[in-house]
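The values are calculated or read from the model by the stated rules, or taken from the named source; none is laboratory data. Everything numeric in this text was worked out from a predicted model, so none of it was measured. Note that each Cβ is placed from the backbone with ideal geometry, even for glycine, and that neighbours are counted across all protein chains shown. Surface accessibility is based on the protein's heavy atoms, side chains included, excluding ligands, DNA and RNA. Shrake-Rupley method; radii C 1.70, N 1.55, O 1.52, S 1.80 Å.
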Amino acid sequence: MSVRPLRIAFVFSTRSMGGMEARAARLAQLARARGHEVAFGCPPGSRLDQRLAQYEVPRFGLHIHGSLDLVANIKLVRRLRHFDADLLMAFSGKDYWMVILAGQLTGIPVVLNRSTPSPLRSLSIPVIKRSDAILAVSQGIKNLLMAQGVPNSLIHVIHVGVDTAAFSP
């Protein structure tokens with residue numbers, strides 16, 4: 001039995017390039033390598049955009065100016081409908097509101113990634129509860145989210161790490 005490739009839309013509105021951005025870019029690259037179709041929304045010309053270009057990841061320009069940027073949300077919804085995405089992923093707390101709203105408007109399941117060990121703003125808790133899943137990079141981050149009232153059933157831990165056996169002398 002063959003499983004059809006997914007059409008995954010990634011969203012990351014930052015212009016900087018740190019660990020979270022590098023992980024998102026690598027995840028998009030790996031998804032493409034596994035045969036999935038990928039579209040990555042990020043600010044054009046940003047360091048993340050440049051990294052995605054190096055990885056040959058298809059991307060589209062996306063400027064999000066705050067959690068309730070309705071113009072950006074309309075553009076994102078149009079792009080998602082055109083791409084016909086099966087899944088929508090976000091990595092940054094500042095993008096969660098926009099991605100959840102876009103997912104609600106398009107009917108596309110939303111997966112949020114959480115790697116930051118800081119509490120979410122209290123206004124964000126009811127919003128992220130509307131996601132379909134939250135991927136935490138550690139049990140500690142899952143515990144932090146649960147302490148803020150996020151249901152255990154939404155949070156899945158996928159550890160990010162290094163295969164130490166590959167580097168063992």
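Expressed as a fraction of 2.2 N^0.38 Å, the C-alpha radius of gyration for the chain is 1.03. Residues whose amide H falls under 5 Å from that of R59, counting only those 5 or more places apart or on a different chain, are F40, with hydrogens built in the peptide plane. Here the chain is treated with +1 on each Lys and Arg Cβ and -1 on each Asp and Glu Cβ, and its dipole about the Cα centre works out to around 180 debye. Mean-square fluctuations from a GNM of the chain, with a 10 angstrom spring cutoff on Cα atoms, peak among E56, E21, E37 at E56. The length gained by stretching the chain between D84 and R34 to full extension, at 0.36 nm per residue less their Cα-Cα distance, is 16.1 nm. Note on the chain: helix-only mean residue ellipticity at 222 nm, from DSSP H runs of 4+ residues weighted -39500 (n - 2.57) and normalised by residue number, equals -11500 deg cm²/dmol. Think of a 1.4 Å ball rolled over the protein heavy atoms: the range 27-93 then has 53 Å² of accessible area per residue. Quick one: pull the percent of accessible area on the chain belonging to carbon and sulfur, 1.4 Å probe, ligands and nucleic acids left out. It is 56 percent, rounded to a whole number.
Its Cα centre serving as origin, the range 13-86 has a Cβ charge dipole (Lys and Arg +1, Asp and Glu -1) of approximately 100 debye.
Ordered by 1.4 Å accessible area with all protein chains kept, Y96, Y55 run largest first as Y55, Y96. Each residue, E56 and R26, gets one label point 7 Å from its Cα in the Cβ direction; the gap between the two is 2.0 nm. Projecting the Cα atoms of N113, A72, L88 onto the dipole axis of the range 69-128, where Lys and Arg carry +1 and Asp and Glu carry -1 at the beta carbon, places A72 farthest toward the positive end. Accessible surface comparison of V110, V160, probe 1.4 Å, protein chains only, largest first: the order is V160, V110. For the range 82-104, the residues whose amide N sits under 20 Å from a probe point set 7 Å from the Cα of S153 along the beta carbon direction are 104.
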